[in-house]
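Just below is one structure, and these are the notes that go with it.
The values are calculated or read from the model by the stated rules, or taken from the named source; none is laboratory data. Here the structure is a predicted model, which means the values were calculated and not measured. Heads up, the Cβs are rebuilt from the backbone with ideal geometry, glycines too, and the neighbour counts pull from every protein chain shown. SASA here: full protein model, heavy atoms, side chains in, ligands and nucleic acids out. Shrake-Rupley method; radii C 1.70, N 1.55, O 1.52, S 1.80 Å.
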Amino acid sequence: MSSPLSFCAIDFGTSNSAIAIPASAAGQAAGMRLVELEPGHLTMPTAVFYFAEGRHDADGPPRAFGRAAMAAYVEGVDGRLMRSMKSILGSSLIDQTTDVGGGRGVKYFDMLAGYLKRLRHQALAAGAQAPLDHVVLGRPVFFVDEDAGRDAAAQASLEAAARAVGFHEVHFQFEPIAAAFDYESQVDREQLVLVADIGGGTSDFSVVRVGPERMNRLDRRGDILSHHGIHIAGTDFDRHIELASVLRELGYRSLGPARADGEPREVPSGVYFDLATWHLINTVYSPQRLSELRAMRSFYGNPLHHQRLITVVEERLGHELASRAEEAKIAVSGGGDTVIDLGALESKLAITLREADALGALHADVERIAQAGRDTVAQAGLQAADIDALYFTGGSTGLRLLSERIAADYPQAIQARGDRFASVATGLGLHAARLFTR
């Protein structure tokens with residue numbers, strides 16, 4: 001058995017990751033705590049930026065992690081940003097090499113391992129006891145849907161990456177079970193819980209059986225009654241809000257000049273969808289794209305719209321506008337209207353986003369997410385009335401209109417919330433403590 005303080009738990013997420021270590025500095029572990037991975041942050045974006053310039057060091061090519069990686073990309077530094085690394089698990093890409101700029105190639109496996117190594121390094125720097133060679137890793141119920149072979153390969157690849165960076169004993173726990181552990185510690189009877197884990201890229205639901213008699217069981221596979229998810233979540237909400245508000249000021253859905261042979265035509269919309277899609281924004285800044293957009297001046301009935309669009313591209317304000325849209329989404333989700341400050345684009349420019357307009361923009365996606373929850377319950381062979389509790393986790397569950405819509409399908413269920421960004425990591429830490437200190 002490991003030393004009581006030489007273990008950790010890692011939530012290797014699609015969008016953000018976290019790591020939990022024993023809270024005590026000496027003796028037996030007195031609970032678990034999350035590591036501050038970046039100043040003031042207990043979670044770190046699952047992102048690596050490879051710089052096109054710079055020398056290799058002992059750890060490999062020059063790169064930045066987390067928020068520094070995202071900042072380098074937004075600022076237009078020459079290099080390549082890698083996100084959603086979890087999605088390559090179970091695919092043939094894991095053994096392939098990709099170009100990261102500067103004539104360098106990096107294996108996807110090494111990218112993944114390098115990120116895990118960064119998490120381990122941060123844990124050691126935060127006071128975890130060396131050698132920190134025991135770990136519990138979270139995993140989805142299915143890395144790959146309906147393909148047991150690829151699913152097993154995905155877990156094997158993640159385990160191999162963990163071992164490659166110094167973890168000698170590697171265990172896994174299902175993410176929905178981990179998310180339910182915090183709630184489980186508060187219950188005094190067996191319950192059926194619908195876990196709603198809604199983040200930036202996906203909305204995942206699981207029906208989990210929890211209870212005091214089950215709490216200390218290490219094998220909880222049988223307690224997951226069903227699992228289902230869809231690829232609609234927070235980034236989709238941001239895109240809809242930006243298109244419905246901010247980008248209207250740049251000409252989205254506007255009309256061209258009057259035509260003698262018919263009604264005015266709507267201006268081309270492709271550039272607006274790219275500006276509203278985070279990972280495509282930088283593609284709009286290329287010299288060729290800018291030249292094409294400048295040539296579209298005659299397509300616009302309102303010259304001001306075209307002028308603003310060109311300003312956004314020339315001054316690389318796409319990510320600034322996307323951030324304003326995200327802030328507006330959060331503000332309006334709490335109820336009421338909100339004002340969006342677009343002063344970075346044009347002095348004193350501000351627009352009002354009405355709550356009703358935001359609800360209209362998000363309605364279809366919210367309904368599809370709620371339907372995914374109902375489908376999950378049906379797959380477990382249950383009715384809505386059988387669900388004892390709802391457990392909300394993931395950043396997007398902070399949107400009142402979304403959580404209220406999901407809850408409306410289960411009026412008799414208790415509603416519980418954990419840390420929206422760290423509940424899975426916290427639950428994995430609880431499991432690690434039970435596993436390694438028993």
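Would you confirm whether or not the stretch 304-326 contains a residue that is on the phi > 0 side of the Ramachandran plot, touching a Phe, Trp or Tyr at 6+ places or on another chain (Cβ under 8 Å) and not hydrophobic (A, V, I, L, M, F, W, C)?
yes
Being out of contact with any Ser or Thr (no Cβ under 9 Å at 6 or more places or on another chain) and surrounded by 13 or more Cβ atoms within 10 Å (Cβ to Cβ) is the filter here, so list the residues in the stretch 331-349 that pass it.
Across the stretch 331-349, the qualifying residues are Ser333, Asp341, Leu342, Ala344, Leu349.
Is it the case that the stretch 94-105 has a residue that's touching an Asp or Glu at 6+ places or on another chain (Cβ under 8 Å) and open to solvent by 40 Å² or more (accessible area, probe 1.4 Å)?
Within the stretch 94-105, one or more residues are touching an Asp or Glu at 6+ places or on another chain (Cβ under 8 Å) and open to solvent by 40 Å² or more (accessible area, probe 1.4 Å).
Within the stretch 385-397, is there a residue that is more than 25 Å from the chain's Cα centre (by Cα) and over 16 Å from Gln191 (Cβ atoms)? Please lay out each step first, then the result.
Step one: list which residues in the stretch 385-397 are more than 25 Å from the chain's Cα centre (by Cα), which gives 385-388.
Checking the rest, the ones that are also over 16 Å from Gln191 (Cβ atoms) come to none.
Scanning the stretch 385-397 turns up no residue that is more than 25 Å from the chain's Cα centre (by Cα) and over 16 Å from Gln191 (Cβ atoms).
Just to be sure before I move on: is Thr352 loosely packed, with under 13 Cβ neighbours inside 10 Å and at pLDDT 95 or above in the structure I sent?
Taking the combined requirement at face value, the residue satisfies it.
Could you tell me how many of the residues in the stretch 215-237 are out of contact with any Phe, Trp or Tyr (no Cβ under 8 Å at 6 or more places or on another chain), assigned to a helix (DSSP H, G or I) and closer than 30 Å to Gly270 by Cβ?
Count: 3.
How many residues are among the aromatic types (Phe, Trp, Tyr) and closer than 14 Å to Arg118 by Cβ if we restrict to the stretch 64-88?
Of the stretch 64-88, the ones among the aromatic types (Phe, Trp, Tyr) are 65, 73.
Within this subset, residues satisfying the condition of being closer than 14 Å to Arg118 by Cβ are 65.
Total satisfying the criteria: 1.
Given the conditions (1) open to solvent by 30 Å² or more (accessible area, probe 1.4 Å); (2) outside any helix (DSSP H, G or I); (3) over 20 Å from Tyr73 (Cβ atoms), report the number of the one that Arg316 does not fulfil.
For Arg316, the failing item is (3).
Might you check whether a residue that is within 18 Å of the chain's Cα centre (by Cα) and outside any helix (DSSP H, G or I) occurs anywhere in the stretch 146-154?
Checking the stretch 146-154: not a single residue is within 18 Å of the chain's Cα centre (by Cα) and outside any helix (DSSP H, G or I).
Name the residue that is modelled with the highest pLDDT, counting only residues in the stretch 202-228 that are within 18 Å of Asn16 (Cα to Cα) and open to solvent by 30 Å² or more (accessible area, probe 1.4 Å).
Asp204
Just give me the residues in the stretch 195-246 being under 27 Å from Ser323 (Cα atoms) and polar (S, T, N, Q), in sequence order. Full working, then the answer.
First pass over the stretch 195-246, keeping only residues under 27 Å from Ser323 (Cα atoms): 196-204, 229-246.
Residues satisfying the conditions are Thr202, Ser203, Thr235, Ser245.
Evaluate the following for Ala258: is it open to solvent by less than 40 Å² (accessible area, probe 1.4 Å) and at pLDDT below 90?
Against the criterion (open to solvent by less than 40 Å² (accessible area, probe 1.4 Å) and at pLDDT below 90), Ala258 does not qualify.
Restricting to the stretch 370-400, and then to whatever is farther than 18 Å from Leu225 by Cα and open to solvent by less than 30 Å² (accessible area, probe 1.4 Å), can you tell me which residue is modelled with the lowest pLDDT? Walk me through it before giving the result.
Residues of the stretch 370-400 farther than 18 Å from Leu225 by Cα: 370, 393-400.
Checking the rest, the ones that are also open to solvent by less than 30 Å² (accessible area, probe 1.4 Å) come to 370, 393-397, 399.
Working: Ala370: 97, Thr393: 90, Gly394: 84, Gly395: 81, Ser396: 85, Thr397: 87, Leu399: 85.
If we take residues in the stretch 370-400 being farther than 18 Å from Leu225 by Cα and open to solvent by less than 30 Å² (accessible area, probe 1.4 Å), then Gly395 is modelled with the lowest pLDDT.
Condition check ((1) closer than 28 Å to Tyr285 by Cα; (2) in contact (Cβ under 8 Å) with a residue 40 or more places away in the chain; (3) acidic (Asp, Glu)) across all residues:
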position: Pro39; (1), (2), (3): no, no, no
position: Pro45; (1), (2), (3): yes, no, no
position: Met85; (1), (2), (3): yes, no, no
position: Thr97; (1), (2), (3): yes, no, no
position: Tyr115; (1), (2), (3): no, yes, no
position: Leu119; (1), (2), (3): no, yes, no
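From the residues in the stretch 129-159 that are among the aliphatic types (A, V, I, L, M) and modelled with pLDDT under 90, which one is nearest to Ile19 (Cα to Cα)?
Going through the qualifying residues, I end up with Ala130.
I'd like the residue in the stretch 404-436 that is free of Cβ contacts under 8 Å to residues at least 60 places away in the same chain and in contact with a Phe, Trp or Tyr (Cβ under 8 Å, 6 or more places away or on another chain) and, out of all such residues, is nearest to His134 (Cα to Cα).
Of everything passing the filter in the stretch 404-436, Arg420 is nearest to His134 (Cα to Cα).
Across the stretch 88-103, what is the number of residues that are at negative phi, outside any strand (DSSP E or B) and in contact with a helix residue (DSSP H, G or I) (Cβ under 9 Å, 6 or more places away or on another chain)? It would help to see each step written out before you state the result.
In the first step, residues of the stretch 88-103 are kept if they are at negative phi; the result is 88-89, 91-100.
This time we only want the ones that are outside any strand (DSSP E or B), so: 88-89, 91-96.
Subsequent filtering for residues that are in contact with a helix residue (DSSP H, G or I) (Cβ under 9 Å, 6 or more places away or on another chain) retains 88-89, 91, 93-96.
Residues that pass the stated criteria total 7.
Six or more apart or on different chains, Cβ atoms under 9 Å: show the pairs whose first residue is in the stretch 53-73 and within 16 Å of Leu37 (Cβ to Cβ) and whose second is β-branched (Val, Ile, Thr) and part of a helix (DSSP H, G or I).
none
Checking Glu404 against (1) part of a helix (DSSP H, G or I); (2) over 22 Å from Ser24 (Cβ atoms); (3) open to solvent by less than 50 Å² (accessible area, probe 1.4 Å); (4) not β-branched (Val, Ile, Thr), only one condition comes out false. Which one?
All conditions are met except number (3).
Let me confirm something: among Val141, Val170, Val187, which residue is surrounded by fewer than 22 Cβ atoms within 10 Å (Cβ to Cβ), assigned to a loop (DSSP other than H, G, I, E, B) and either under 25 Å from the mean Cα position of the chain (by Cα) or of a type in the set (Lys, Arg) (or both)?
Values: Val170 fails: assigned to a loop (DSSP other than H, G, I, E, B); Val187 fails: either under 25 Å from the mean Cα position of the chain (by Cα) or of a type in the set (Lys, Arg) (or both).
It is Val141.
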